[in-house]
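All of the numbers you see were taken from the coordinates with simple rules; none came from a lab. Every value quoted in this text rests on a predicted model; they were computed, and no experiment measured them.
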Amino acid sequence: MHACDRLPYLNNSLFSNSRKLNNINFPQKIKELRYGCFYNCESLKSVTLPDSLETIYDWSSTHGRVFNDYLESVTITSQSNLTTILSDAFYQTKLKYFYIPPKLQTIISSAFTGVPIETFEVDPHNPYFRSDGKILFSGTNNITLHFVSPALTGSFTIPTFVIQIGENCFRNSYISQITLHSNVEAIQRLAFEGIQITSFVYNSKISRIEERTFN
């Protein structure tokens, strides 16, 4: 497909259930990977995304996710035009490393739910995210705890500069205990979905806990 230079996107379910597909040479001008594009491609272990790509779509009840559980690595260059990764894009894949290029400004945190990331590498020219490896921060001065990798286990203390715990932040993680400090003001929806919290202590500054937080 490398020579298909007039193709603007890869359509819904384009390679869905192509179980023997083990390599893809992307068209060099595509801007979107749409719903379920590589769903159930169990032999596709790695992909190199073209620099032209701007958006990776989310989950669809009709087409499923763009990628399925079998994906182990994604290569992205510093020249990438990728700006948006939508919900469940890499859900339950086996990625352990992910590079965040300079222009990537929107990551719906559930994109990495169940993904055992050992290292998020944020390009130094990216102004939207910061990481210490397994944890992703966003917002001005990193005030939002955006995503905590399921590779982390045991107890977790919210960093003191965090004011907001983001949507889906701990979803399906293996953290057994979470300690909040007194400056946390908001907890977004589904932040603790699928984890086994045994106790939760409110602090005086929490003014908003959104729906299905402990679902």
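Sorted into 10 angstrom bins from 0, the C-alpha pair distances of region 141-215 split as 21, 60, 19, 0 percent.
Answer rounded, prolate or oblate for region 39-91, using the Cα gyration tensor with square roots of eigenvalues a ≥ b ≥ c: rounded when a/c is under 1.5, else prolate when a/b is larger than b/c, else oblate. Because a/c hits 1.5 or more and a/b fails to exceed b/c, region 39-91 counts as oblate.
When the C-alpha to C-alpha distance is required to be over 25 Å, the pairs from Lys29/Lys103; Lys96/Lys205; Lys31/Lys103 that qualify are Lys96/Lys205. Taking springs between alpha-carbon atoms closer than 10 angstrom, which of Ile175, Ile195, Ile24 fluctuates most in the Gaussian network model of the chain? Looking only at Ile175, Ile195, Ile24, the largest GNM fluctuation is found for Ile24. Using only Cα coordinates, the Kirkwood hydrodynamic radius of region 1-126 works out to 14.3 Å. Here region 126-186 and region 9-71 have alpha carbon centers that stand 29 Å from each other.
Bridge orientation summary for region 1-97: considering DSSP beta bridges with both residues in this region, about 10 percent are antiparallel. Pick out which of Ser80, Ser155, Ser110 has the largest mean-square fluctuation in a Gaussian network model of the chain, springs linking Cα atoms closer than 10 Å. Among Ser80, Ser155, Ser110, the largest mean-square fluctuation in the Gaussian network model of the chain belongs to Ser155. Shape index of region 72-215: Rg/Rh, with Rg the Cα radius of gyration and Rh the Kirkwood radius from the inverse mean 1/r over Cα pairs, equals 0.95.
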